[in-house]
1. Quick test for you: out of Leu50, Leu83, Leu54, pick the one residue that is in a helix (DSSP H, G or I), touching a His at 6+ places or on another chain (Cβ under 7 Å) and not small (Gly, Ala, Ser).
2. Keeping to region 188-206, report how many residues are more than 16 Å from Asn142 (Cβ to Cβ), at pLDDT below 75 and not hydrophobic (A, V, I, L, M, F, W, C).
3. Filter region 412-425 for residues that are closer than 17 Å to Ser282 by Cβ and at pLDDT 65 or above; which is farthest from the chain's Cα centre (by Cα)?
4. Identify, by number, the condition in (1) buried (at least 19 other Cβ atoms within 10 Å of the Cβ); (2) modelled with pLDDT under 90 that Ile155 doesn't meet.
5. For Ser214, are the conditions met, namely being in contact (Cβ under 8 Å) with a residue 60 or more places away in the chain, more than 23 Å from the chain's Cα centre (by Cα) and either outside the structural domain of Pro73 (by TED's automatic domain parsing) or within 14 Å of Leu82 (Cα to Cα) (or both)?
6. Considering only region 329-347, I want to know if a residue exists there that is farther than 30 Å from Tyr40 by Cα, more than 20 Å from the chain's Cα centre (by Cα), in a helix (DSSP H, G or I) and in contact (Cβ under 8 Å) with a residue 12 or more places away in the chain.
7. Give Ser173, Ser160 a once-over and let me know the one that is under 19 Å from the mean Cα position of the chain (by Cα) and of a type in the set (Gly, Ala, Ser).
Amino acid sequence: MIKRLKPISEFRQNALILMTGTAISQAIPVAITPILTRIYTPEDFGTFALYLSLLTIFSVFATARYEMAIILPAKDEDAFSLLLVSSFLSLIVGCMLFLLVFIYNTEITEILGNSSISFWLYLLPFSVVLSGLYNSLNAWHNRLKGYGHIAKVRIIQSGSVAGSNIFLSFILSGPIGLILGNFIGLLVSTFLFFLKIFRSPLKVKLSFEVIKQSIERYKKFPYFDLPASFLNISSHQSFHIFFNIFFGAVTSGYYFLVQRIFGLPIAVFSNSIQDVFKEKVSKVHNVNGNTREIFVRVLRKLILIAVLPALLLFVFSIDIIVFIFGADWVVAGKYLQILLPAFFLRFITFPLSYMMYIVEKQQVNLVAQALLFISIILIFIEGSVYGAEFTVKMISLVTSIFYLSYLYLSFSYTSVGKSDLKHYF
């Protein structure tokens, strides 16, 4: 009876807050997608997927990955200096990208093979700046355990995007509503993060020397994690680019729908769990604690959460897609069924992969991501001969092997300490 009355642990409470906010924020785009698929064509989704892929890839460079280090320093002064560095770098990268687009817009458009993307390339630098600021501020609020505010911002962002997608479709044709909706969501969420800092300022003493020391202390992030993250993001986002180039916008639209409805929510849920996991495991690691225990416990929970939904989706994926989106999207249902093993492994692996950052093994991550990126290129070269469905099957197989390998490596970096972690759960 006493155990039943025991208050919920800090880890579970924080994870519950983020996952609840994430669930609501992801339920919104999922709920309106059947409406959007009847408003926008597969070609519109394909163009939007191309734009979103470019945004995601260039956003990696925006902060040089210094935002990943904000959670790590023991002193708030060091963490806040990293926030300033990553924010400033976002502005610099945005300016450089705008200059590149302004000079080489025609050439870039020809390479991408989609003339309708030409105009939207000019919006891309502004979106990259907002994305960099958003990620940096999210990391800062995560450090301060502002999980409630993070969850609220994610919900508002998702609602802003959804509302803009539908509203703009009545006054503008083509993929405009999808692209502008994404920009509006970034703008609103970044503003809300800034507003929270202004309302609750943290008193820290900063100097150029502190900033310089922080840049030097965490230089492995731009040296190793930046290229590794670029390769990782490119490996996933290049799918939309390559599908567009090799198989056309319609096929790209099918693949994008699967990622939007299932891949993206899985990624966001995993990211939410990682936000809590990395804050907790960082503290345990800093006191030479038992990181293996916390790793195994989180792994078990992730498997229990994911295994039943994955099995049900595997059996009924095609029927679900056709019922919700119509018979025209049956190909997307087939793609979902093929990709489910990779989705499952990604869900349980991504949160725990932060162990590589804990032990500062960014160079290993770089090699792994390089191998994955090369594999993806080879898959599309071979797939251009055997067709789109063969390509999707190879993507599922290769990425599943990659996630299993990543899970093993992450586990191998854990340590057995003497601390008792029961109170964390």
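The values are calculated or read from the model by the stated rules, or taken from the named source; none is laboratory data. Bear in mind that the values here come from a model prediction, so they are computed numbers and not experimental data. Positions of Cβ are backbone-derived with ideal geometry, glycine not excepted, and every protein chain shown enters the neighbour counts.
1. Values: Leu83 fails: touching a His at 6+ places or on another chain (Cβ under 7 Å); Leu54 fails: touching a His at 6+ places or on another chain (Cβ under 7 Å).
Of the residues listed, the single one that is in a helix (DSSP H, G or I), touching a His at 6+ places or on another chain (Cβ under 7 Å) and not small (Gly, Ala, Ser) is Leu50.
2. Let us first name the residues in region 188-206 that are more than 16 Å from Asn142 (Cβ to Cβ), namely 188, 191, 195, 198-199, 201, 203-206.
Subset that is at pLDDT below 75: 201, 203-206.
Going one step further and asking which of them are not hydrophobic (A, V, I, L, M, F, W, C), we end up with 201, 203, 205.
So the count comes out to 3.
3. Initial filter on region 412-425 (closer than 17 Å to Ser282 by Cβ): 413-415, 417, 419, 421, 423-425.
This time we only want the ones that are at pLDDT 65 or above, so: 413-415.
Numbers: Tyr413: 23, Thr414: 24, Ser415: 27 Å.
Across region 412-425, the extreme among qualifying residues is Ser415.
4. Failing condition for Ile155: (2).
5. On the way: in contact (Cβ under 8 Å) with a residue 60 or more places away in the chain: yes; more than 23 Å from the chain's Cα centre (by Cα): yes; either outside the structural domain of Pro73 (by TED's automatic domain parsing) or within 14 Å of Leu82 (Cα to Cα) (or both): yes.
Here the answer is yes, as Ser214 does meet what is asked.
6. no
7. Values: Ser173 fails: under 19 Å from the mean Cα position of the chain (by Cα).
Only one candidate qualifies: Ser160.
This table checks each residue for (1) farther than 30 Å from Gln337 by Cα; (2) surrounded by 20 or more Cβ atoms within 10 Å (Cβ to Cβ); (3) in contact with a strand residue (DSSP E or B) (Cβ under 6 Å, 6 or more places away or on another chain).
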position	(1), (2), (3)
Gly185	yes, yes, no
Thr190	yes, yes, no
Leu206	yes, no, no
Phe221	yes, yes, no
Ser234	no, yes, no
Ser238	no, no, no
Tyr254	no, yes, no
Ile273	no, yes, no
